[in-house]
């Protein structure tokens, strides 16, 4: 089992918050899931700073994943974590939901409300304290609670982000305004 960060490696994505929170939690509890970091490095100095400033025990930087590898990584992870400082939508969050993977995100990911209200993951501030709370709360959940969140993740995807359902809602809205 592992936590998955899958996004561009740049300051906006808040990876420093995640690695800092993870390193602190792992120091307290070495049995927590590993952290897999997947994505292209767009700010090398930022990535170097993260690697230099935090203990890298249990952390695996694997580079960019695409195609089936991306979907396998998403589906196999315990949770997808994105402590971003700003996301207009957060496509990777929706993709995680599509395979039933709960998401641990900041409230700066603009689909946070759907995640939180649907029980598909956890939401906190885009701060070190908020990111620590995401990981600690997840770690304290029972297997039954995690399984329920996984089922909810798929349901939230189907309800809010599936193209067929979204198209039906759009057509219904247009027809309502035409009539």
In the range 126-166, residue nearest to the chain's Cα centre (by Cα) [restricted to those that are closer than 26 Å to residue 86 by Cβ and outside any helix (DSSP H, G or I)]: 126
Failed criterion for residue 100 (all others in (1) within 23 Å of residue 166 (Cα to Cα); (2) assigned to a helix (DSSP H, G or I); (3) in contact (Cβ under 8 Å) with a residue 40 or more places away in the chain hold): (2)
The one condition in (1) assigned to a helix (DSSP H, G or I); (2) within 28 Å of residue 28 (Cα to Cα); (3) without any contact (Cβ under 8 Å) to a residue 40 or more places away in the chain that residue 123 fails to fulfil: (1)
Test: residue in the range 79-91 that is over 27 Å from residue 30 (Cα atoms), buried (at least 24 other Cβ atoms within 10 Å of the Cβ) and either out of contact with any strand residue (DSSP E or B) (no Cβ under 7 Å at 6 or more places or on another chain) or at pLDDT 95 or above (or both): no
Selection within the range 112-125 - in contact with a strand residue (DSSP E or B) (Cβ under 8 Å, 6 or more places away or on another chain) and buried (at least 18 other Cβ atoms within 10 Å of the Cβ): 112, 115, 120, 121, 122, 123, 124
Residue in the range 25-38 that is farther than 20 Å from residue 131 by Cβ, in a loop (DSSP other than H, G, I, E, B) and modelled with pLDDT under 95 present: no
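The values are calculated or read from the model by the stated rules, or taken from the named source; none is laboratory data. Everything quoted here is computed from the prediction, not taken from an experiment. Cβ: placed from backbone, ideal geometry, glycine included. Neighbour counts: every protein chain shown.
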